[in-house]
Structures are given as C-alpha cells and as structure tokens.
Amino acid sequence: MINNRINMKTEDMPKISRHELGEKLDEILDKAIKENTAFLITDEGKKDLVLCPARWYDPFRDSDFGLIVNAAIRYAMGRQTYMPLSVSDFTIGFMPMLDNRTIQVIINDITEELRFRNGEMPQLDIWLHLKDKAEEERKQRQDEGRWS
C-alpha cells in the first residue's frame, strides 16, 4: 500500500538548512521516521533537497511497479485517446525511480512498435519523446556507473 504522505507538498514540509541538518542529524532522522514526515533542506543559492523516510519509496522499488508501467505503455501504444499522453507523462515523472530493466523494456518496446508500424503510429511525437527520455536516463546511469 502506498503511504499517503508521499504526496506531501514541499511547501508543507518543515524547512531546515544544511547546517541545521548537520547539527541535529540524529534528531531530524528520528523525527522523520517516527512522525512519518519529511523535511525540505533549503539554503539560498543551492538546490533544495527532501529528506523523508525511505519506506515512502518502497512501492517504486517493487518489480511489479515497473511491470505495470511497461503494461500501461504497451496498452497505450497505438491508441488515439488521452491515454498515450497520460501514460507517457506518468512514466517520465517516475523515470528516476524505475529500475534499469523497466527502462530498457520501454526503449525496446517503443523501438519494436515503430519498426512494426514502419515508423508510423498514432501520436508518434509522444512515443518518440518518451523513448528519448528513457534513453537519456539510461545514458545518465551508464555515465554514473549505475547501469549493468
């Protein structure tokens, strides 16, 4: 079951500085876990970060999550409805959380569908964009040594 706090908006999170995080690390970690909450780590001129319990992301680490994403993509390909854009947007939004296998299947499925349809399919731009995003994610992981 997905934890309902995962949708917590960053503007609702308590804000702390990197310095405060360093000074009170154990206390902040305990509070995040015990109260099932997140903290926005923010300092001017630096990218904001979110500290939250790791269990919030357990559903995305489940291999079934990637399986469902791949199934949705396969279902949506060839449709001339709202579904291709919805599935593509969802997939792109969760791309950093997808495992390597799911990303490779996305690339392979779109490539194969394009070959099967001789490069012509409904809403082609959506599928090419999704394939590009998946390839970018794969390349980034390869460059970082996170792709096997």
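Since every read-out is calculated from the coordinates, none of them should be taken as a lab result. Everything quoted here is computed from the prediction, not taken from an experiment. When we count neighbours, we look across all protein chains shown, and the Cβ atoms used for this are built from the backbone with ideal geometry, even at glycine.
Structure data summary
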{"quantity": "Potential lengthening between A71 and R101 on full extension [0.36 nm per residue; Cα-Cα distance subtracted]", "calculated": "9.5 nm"}
{"quantity": "Angle between the chain longest axis and helix 83-94 axis [Cα atoms, degrees, rounded to 10]", "calculated": "40"}
{"quantity": "Efficiency of FRET between D58 and R146 - r from beta-carbon atoms, R0 22 angstrom, step 0.05", "calculated": "0.70"}
{"quantity": "Cα Rg over Rh - the stretch 62-143, Kirkwood", "calculated": "0.94"}
{"quantity": "P(r) histogram, all alpha-carbon pairs of the stretch 4-58 included - 10 Å bins from 0, percent", "calculated": "25, 56, 19, 0"}
{"quantity": "Whole-angstrom gap from the stretch 1-79 to the stretch 118-148, using each part's C-alpha centre", "calculated": "24"}
{"quantity": "Peptide ranges 12-18, 44-50, 66-72 listed from the most packed, as the mean C-beta count within 10 angstrom indicates", "calculated": "66-72, 12-18, 44-50"}
{"quantity": "Signed unit charges on C-beta, dipole axis of the chain, positive-most listed residue L25, T102, V50", "calculated": "T102"}
{"quantity": "Quarter of the Cα convex hull surface for the chain, i.e. its orientation-mean projected area (nm²)", "calculated": "11.1"}
{"quantity": "Of the chymotrypsin sites (Phe, Trp or Tyr not before Pro) in the stretch 56-120, those whose Cβ has at most 11 other Cβ within 10 Å and which sit in DSSP loop", "calculated": "Y82"}
{"quantity": "With Cα atoms, 0 to 90° folded angle of helix 124-143 axis to the chain main axis", "calculated": "50"}
{"quantity": "Extension gain, K31 back to L51 (0.36 nm per residue minus Cα-Cα distance, nm)", "calculated": "6.1 nm"}
